[in-house]
Number of protein chains: 2
Amino acid sequence: MPNQEQLLVLLDDQVGCCAPLVREPLSPAQAVDLSRAFKALGDPVRLRLLSLIASHPGGEACVCDVSAAFDLTGPTISHHLRVLREAGLITGERRGTWVYYRAETAALRQLSAVLVPDETPASGISAPLD
Amino acid sequence: MPNQEQLLVLLDDQVGCCAPLVREPLSPAQAVDLSRAFKALGDPVRLRLLSLIASHPGGEACVCDVSAAFDLTGPTISHHLRVLREAGLITGERRGTWVYYRAETAALRQLSAVLVPDETPASGISAPLD
């Protein structure tokens, strides 16, 4: 995990997007981009899908790997996967019968870094909520 | 919807709430709690409001400090502030005429920590969000 300083330097490299929101206000354009991703995360099924994919051995999973965790139809799961994909949070690659999904770690890191309270030591990232 | 205090108690009660989602799948209950906060962030006006409050000198701001940044009516801004507050992302304290809002850094840290892809090399950060 990058430390806080590395994270900030790396973020600065991204033209325009985005310093931690405790440091400076987001521009309207930044807010529109980021809100799309947060909106996609604003659903418990999609959050669980993303966590099931991201934490799956090998870092990828197909619908066949995750659907047993839900009492939902295939089309409903596919809909939620499409929302995650369109928000840039996962990518999918077809191999044979199945599409294998991976979390977009760069996007997750971006969202995480925008939310991190500026004054928090890097070690605090993994600390439980106090 | 639980208020901030209830939310913090609930999160404290959930041992391991929450490990980064790349490490282990979220439970359904964790996903419900977290999705409320992410849903509140899934709107560009609310993201900008939160960043204006969090980055304001002294770490707090009233509607009088932030409303000039928006071409929105007072009631609309108040609505968005209420959503942020109910999601546990800001707190408000009335002092005289105005309510002064602060970002809930514990909640931001929690959300940031859930998203951080902890096993990923930092170099991946330069990829664009979309």
**Complete:** For the B:W98, B:V32 Cβ pair and Förster radius 25 Å, calculated FRET efficiency rounded to 0.05 is 0.15
**Prompt:** Considering only the label points, 7 Å along Cα→Cβ from Cα, what distances in nm to one decimal separate A:A68 from the same position in each other copy, shortest first?
**Reply:** 6.0
**Request:** Calculate, in nm to one decimal, what A:L72 and A:R85 gain on full extension: separation in residues at 0.36 nm each, minus their alpha carbon distance.
**Result:** 2.8 nm
**Asked** From the label point of A:R102, set 7 Å from Cα along Cα→Cβ, how far away are the matching label points in the other copies, in nm, ordered shortest to longest?
**Response** 4.2
**Prompt:** So how do A:68-77, A:96-105, B:58-67 stack up, highest first, on mean other-Cβ count within 10 Å?
**Reply:** A:96-105, B:58-67, A:68-77
**Message:** Run the label-point distances for B:P57 please: 7 Å along Cα to Cβ, every other copy, nanometres, shortest first.
**Reply:** 5.8
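Throughout, read-outs are computed from the coordinates displayed, never taken from laboratory work. Keep in mind the model is a prediction, meaning the values are calculated, not measured. Cβ sites come from the backbone with ideal geometry, for glycine too, and all protein chains shown count toward neighbours.
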